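For reference, the structure discussed in these notes is given below.
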Amino acid sequence: MILYQHTARHIPLKVNNEEDFRGSIIIMPTGDSMLLPLNSVYANPYVYFEIVTKQLNAGNNQFRIDTIDENNNENIGVPVSVSIPDRVIPPRFISASINNTIATLNWTHSVDGPPDRYSLFGTSDPSLAIDRGSEFNGVSVDGSQTSMTFELATPGTYRFVVDSKIGTEYSDNFITVDITSPASSTAPPRIVNQISLTEIDIGQLQVYATNVPTGKLNVQFMWIFGNQAASYNLYHDSGTGSVNFGLPINFVRQTSVVQNFTTDQISFHNVDTTFKFVLRSVTADGVEDTNTFENEVVLNGSSPPSATSVVASTVLR
């Protein structure tokens, strides 16, 4: 079989009619494509074969079946064309949250970039299939957006999916998210705080912080409460002694007991400066604990000067 794609490249595939049509996967020599034979009647393998390729490039594709005997005598087949439409790729979810009855979904665009629109489909009963016949409460946003906010006035647990839309075609997203409305108002447990100095035994100190070049804060702590928190907020000062609780740095909870996060550069001082910071746990519903315990860490936002006048020589021993 010869597969001609509309990109003008061709991929040869040799198929043994007595062995390769028994349901095994056939891989093209280039490794670029894969064929799955689907013939169900092996008793008469010369009558009908059906082959399904993996996803091909959109556009016009040509196929040709060549037959070859045991002496390598070849009969060139007649090409046949098929037009393959563009496939709409769904977005990738990042997070879902709810504030009282107002739900927010966030995602990133697919590798194909923004579609025409994003549509919300859902059900108020997660035991039932999601109704993709119409948008949930008519909710959709422009394809340039990466979030949507909507109200869930009726209490209960909902299941949602967001699909890309190009023209009249939708993606087929299998990634769903469950949201319970109204949100729980119960705050999560606090992170057990302990001021850290220069060295750490993570089994003894609950919070450890250190400077990471250049001027970044690495913080490690133990979290034994599992999914009672979905993320953490880190608040810090700028060497002023007063923590700013208006600009949190958020980190998604890791699955391990020891949490390990590094911020972007927050110190731009060219000398060692003591920073104060506060860690708070946050539930999936966006409820934050009220911890005010201040940890301290020394950060420096400048790198040392580079070495100059470097001379290399050979030492004989």
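Bear in mind that the values in this text are calculations on the coordinates, not laboratory data. From a predicted model like this one, the values you see are computed outputs, not experimental measurements. All Cβ positions, even for glycine, are placed from backbone atoms using ideal geometry, and neighbour counts span all protein chains on display.
Between HIS269 and GLY301, the built amide H atoms are under 5 Å apart, and every one of these is 5 or more places off in sequence or on another chain. Summing Lys and Arg as +1 and Asp and Glu as -1 over all other residues whose Cβ lies under 13 Å from the Cβ of ASN250 gives a net charge of 0.
Sequentially through the stretch 134-139, phi angles give Karplus couplings (6.51, -1.76, 1.60; θ = phi - 60°) of 8, 5, 5, 6, x, 7 Hz, Gly and Pro residues having no value and appearing as x. Within the stretch 91-200, the percentage of alpha carbon pairs spaced more than 24 angstrom apart rounds to 33%.
Toward the positive end of the charge dipole of the stretch 207-299, with +1 on the Cβ of Lys and Arg and -1 on the Cβ of Asp and Glu, the farthest Cα among GLN220, ASN233, VAL297 is that of GLN220. Between THR101 and ALA183, the built amide H atoms are under 5 Å apart, and every one of these is 5 or more places off in sequence or on another chain.
Using the Karplus relation 6.51 cos²θ - 1.76 cosθ + 1.60 with θ = phi - 60°, the per-residue 3J(HN,Hα) values for the stretch 259-276 come to 9, 9, 9, 10, 7, 6, 5, 10, 10, 10, 6, 9, 9, 4, 9, 7, 9, 9 Hz, with x marking Gly and Pro. For the stretch 212-317, what percent of Cα pairs sit more than 20 Å apart? Cα-Cα pairs of the stretch 212-317 separated by over 20 Å account for 49 percent. Evaluated with a Cβ-only charge set (Lys, Arg +1; Asp, Glu -1), the stretch 162-317 carries a dipole of roughly 440 debye about its Cα centre, given to the nearest 20. Our coupling estimate for the stretch 180-186, obtained by passing each phi through the Karplus curve with A = 6.51, B = -1.76, C = 1.60 and θ = phi - 60°, is 9, 10, x, 5, 5, 9, 6 Hz, Gly and Pro reported as x. The mean sequence separation of alpha-carbon pairs under 8 Å and at least six residues apart, normalised by the residue count of the stretch 92-181, gives a relative contact order of 33 percent. For ILE84, nonlocal amide neighbours, meaning residues 5 or more places apart or on other chains whose placed amide H falls under 5 Å from its own, are GLY59, ASN60, ASN61.
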